[in-house]
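Enquirer: Here's a structure for you.
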Amino acid sequence: MVPTAILSQASQSFGIAPDSLVLVSQSTNVVYKYHQQNKTYFLRLSEKPAAYETSIQAEVHWVRYLVSKGVRASLPILTVEGKLTAVCRDQEKCYVATVFEGATGYFFDYDWSVWDTDLFTRWGSVMGRLHHLTQSYQPEDPRLVRADWAPLELENPHLHTGDYALLLGKLRALEQQLTDLPREAEGYGLIHYDFHPYNFLIDQGELNVFDFDDAIRGWYALDIGIAAAHAVWWGAHDPKWGTKDEFAKTFLTAFLEGYVQQQPISQEWIARIPLFMEYRNISSFFWWLKDWNGDKGSLSDHQKNAISAAIDLIQNDLTFEGCRFKL
């Protein structure tokens, strides 16, 4: 639970009535919803050292820039003192507070009829617009820089034995391929890094994007690969799409049609998208294995089955379904 003192400081910083806050989620960040002047807002509290505030300010500054250029994204709200963020402390705890306007619209799975190539093309167009605007984005404060992509930091000794070592070895092999890729400006810059279909709402055919807190400096094709990997996870189940690989090709054909309307991409980078999808698939295991205590009984049946299936693929030198195609 967030200490009352932290909530009080955050509320004061952003001019919020503390008793109006309603807890929405508590995972990587703690998020509260509130209403003010007939609008919905979200207070996000990130338990981080005070030194991390600059990184969050970099995220917020970039999103405000994107909104100023016409991107439909959840607008970050300044504090009553006109600052991007507020640092809130209580004894040894420290949180960085931010506030965002609530996005309007509905999720794709509210109405499955919208889950089709027109949406994929629009999704690609929005991502292409983000990447295009990123290339001319230059904050006046040179400290407002998000981290570059880097291999995952994993110090869990339980990942160095048995099946878990195979998973880790696969991750490290893919990370080495990514490390060797060029980082020239035409293919590398600020990316959302989590632009999946539960991080936008659909409002009268337009997409309202949110959750930029994973933003990094990375390859634009990596951002595309992440979107495609998640689309396969959550949207390839209908038999009309055929296999996961057939769905992935259909998805990316439509997605890239929209993307190139906003931002050019070379065939060389398009050909690497399945690699980035494979990387997203394998790295997703370590979202929950990173801090695993080594007790197999603490893993859910779904997690155990996913690990078993992934090990079979690795042992047979196969990629994940949905990544076995060429563009």
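Enquirer: What is region 51-183 by shape, rounded, prolate or oblate, if you read a ≥ b ≥ c off the alpha carbon gyration tensor as root eigenvalues and call it rounded for a/c under 1.5, prolate for a/b larger than b/c, and oblate otherwise?
Expert: In terms of gyration-tensor shape, oblate.
Enquirer: Show which aspartates and glutamates lie in cross-link reach of K48 when reach means a straight Cα distance below 15 angstrom and same-chain residues fewer than eight apart are skipped.
Expert: Filter leaves E59, D90, E92, D213, D214.
Enquirer: How large is the dipole of the chain about the Cα centre if only Lys and Arg carry +1 and Asp and Glu carry -1, each at its Cβ, rounded to the nearest 20 debye?
Expert: 340 debye
Enquirer: What residue among P264, P151, P142 shows peak mean-square fluctuation when the chain is described by a Gaussian network model with Cα springs under 10 Å?
Expert: Checking each option, the largest mean-square fluctuation is seen for P142.
Enquirer: On to the next question. Expressed as an acute angle from 0 to 90° and rounded to the nearest 10, what is the orientation of the C-alpha long axis of helix 220-235 relative to the principal long axis of the chain?
Expert: Relative to the chain, helix 220-235 is tipped by roughly 80 degrees.
Enquirer: If you fit an axis through the alpha-carbon atoms of helix 53-68 and take the longest principal axis of the Cα set of the chain, what angle between them do you get, 0 to 90°, nearest 10?
Expert: Rounded to the nearest ten degrees, it is 80.
Enquirer: Excluding W219 itself, what net charge comes from residues whose Cβ is under 9 Å from its Cβ, given Lys and Arg +1 and Asp and Glu -1?
Expert: Neighbour charge sum, excluding W219 itself: +1.
Enquirer: Taking the Cα centre as origin and putting +1 on Lys and Arg beta-carbons and -1 on Asp and Glu beta-carbons, what dipole magnitude results for region 4-101, to the nearest 20 debye?
Expert: Using Cβ point charges on Lys, Arg, Asp and Glu, region 4-101 gives about 340 debye.
Enquirer: Sticking with this structure for a sec: Which one of S13, G187, I282 is farthest out on the positive end of the charge dipole of the chain, using unit charges on Cβ (Lys, Arg +1; Asp, Glu -1) and the Cα centre as origin?
Expert: S13
Enquirer: Hey, if you drop one equal point scatterer on each alpha-carbon of region 225-313 and run the Debye formula without solvent, what base-10 log of I(q)/I(0) do you get at q = 0.15, 0.20, 0.25 Å⁻¹?
Expert: -0.70, -1.02, -1.31
Enquirer: Counting each DSSP H run of 4 or more residues in the chain as -39500 (n - 2.57), what helix-only mean residue ellipticity at 222 nm follows after dividing by all residues, to the nearest 500 deg cm²/dmol?
Expert: Here the helix-only value at 222 nm equals -12500 deg cm²/dmol.
Enquirer: Per residue, how big is the convex hull of region 172-276 when only Cα atoms are used? Give it in Å³.
Expert: 122 Å³
Enquirer: Over 27 Å between Cα atoms, which of K33/K290; K93/K290; K170/K240; K244/K304; K170/K244; K290/K326 qualify?
Expert: Listed pairs above 27 Å: K33/K290; K170/K240; K290/K326.
Enquirer: Which value in Å is the Kirkwood Rh of the chain over different Cα pairs?
Expert: Taking the inverse mean of 1/r over all distinct Cα pairs, the chain comes out at 21.2 Å.
Enquirer: Ok, one more. Which of rounded, prolate or oblate describes region 4-101 when judged by the alpha-carbon gyration tensor and an a/c cut-off of 1.5?
Expert: oblate
Just so you know, all these numbers are worked out from the coordinates, no wet-lab data involved. Please read all numbers here as calculations on a predicted model, not as lab measurements. Reconstructed Cβ throughout: ideal geometry from the backbone, glycine too, with neighbour counts over all protein chains shown.
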